[in-house]
Amino acid sequence: MKINSTVLLTLVLLILMMGAGSVSAFLGFELGSSALKGVTTPDGRPTTKFASNKSNSSQQAGLVLLKEEEILKIVKARVEGKTKPAKSEKLEEDDEETNSSKQKPEEKPPEVVEEKLQPGFPVTAQSEGVTMSVQSVRYSGGDLLLKVKMQNKGKDSVRFLYSFLDVTDDKGRTLSASTEGLPTELPVNGPAFSGTVSIPTALLDDVKKISLALTDYPAQKLKLEASDIPVER
């Protein structure tokens, strides 16, 4: 009998497919078993736990327990060994503190240095309990600098606008001036405030004395006049 070629081809293909499946299954099994080597499942059996507990108890039974008296002796010896050097260290620290206190000189309080006034100063003006005094004058950087102090011991606070400050020389000419640090308001019984009045030296040729005049703002109830302030170089 002649075998049909189609049937023969089909049988060959089936045999090849079965062979390939068998080979792939075998290879997969080998790879999986090699990958799982050394991996074991946890032992959850109660008999093994009892055996491990018995082994641990048998190991602990081999420990030697010390007596209470020996433990107390050891603790006492350690405590005495720690306290003695601690006491000696404390004594050394006390000696160092006493030596350092002896070596350090006694700190003296800073001496208050009183400001030395120039001859003819201060030049003071007072009105209604408000005082304005020129403490000193000096030339610096092309300007004449007048150090001025102001204080209010009157009944009411006083406000000032220093654009109303009149500066005149001994010939009656008005001089331009600028102020710095002077308060715009003097509170009642407040501290003394210090500031500076600056006058360009170009305006002071042949000038020996100047005068300052200031009034409060806006009431203009008081007038402070400091006259004959010596400015000659």
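The values are calculated or read from the model by the stated rules, or taken from the named source; none is laboratory data. For clarity, every value in this text was computed on a predicted model and none was experimentally measured. We place every Cβ from the backbone using ideal geometry, glycine too, and count neighbours over all the protein chains shown. Heavy atoms of the whole protein, side chains included, go into the accessibility calculation; ligands, DNA and RNA do not. Shrake-Rupley method; radii C 1.70, N 1.55, O 1.52, S 1.80 Å.
Things worth noting here:
- The residues in the range 202-233 that are in contact with an Asp or Glu (Cβ under 6 Å, 6 or more places away or on another chain) and modelled with pLDDT of 90 or more can be counted, and the count is 5.
- Residue count, the range 171-200 (criterion: outside any strand (DSSP E or B) and crowded, with 16+ Cβ neighbours inside 10 Å): 3
Matching residues to (1) in contact with a strand residue (DSSP E or B) (Cβ under 6 Å, 6 or more places away or on another chain); (2) open to solvent by less than 100 Å² (accessible area, probe 1.4 Å); (3) at pLDDT 80 or above:
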{"position": "Ile3", "(1), (2), (3)": "no, no, no"}
{"position": "Leu11", "(1), (2), (3)": "no, yes, yes"}
{"position": "Met18", "(1), (2), (3)": "no, no, yes"}
{"position": "Ser33", "(1), (2), (3)": "no, yes, yes"}
{"position": "Asp43", "(1), (2), (3)": "no, yes, no"}
{"position": "Pro46", "(1), (2), (3)": "no, yes, no"}
{"position": "Ser52", "(1), (2), (3)": "no, yes, no"}
{"position": "Lys90", "(1), (2), (3)": "no, no, no"}
{"position": "Asp95", "(1), (2), (3)": "no, yes, no"}
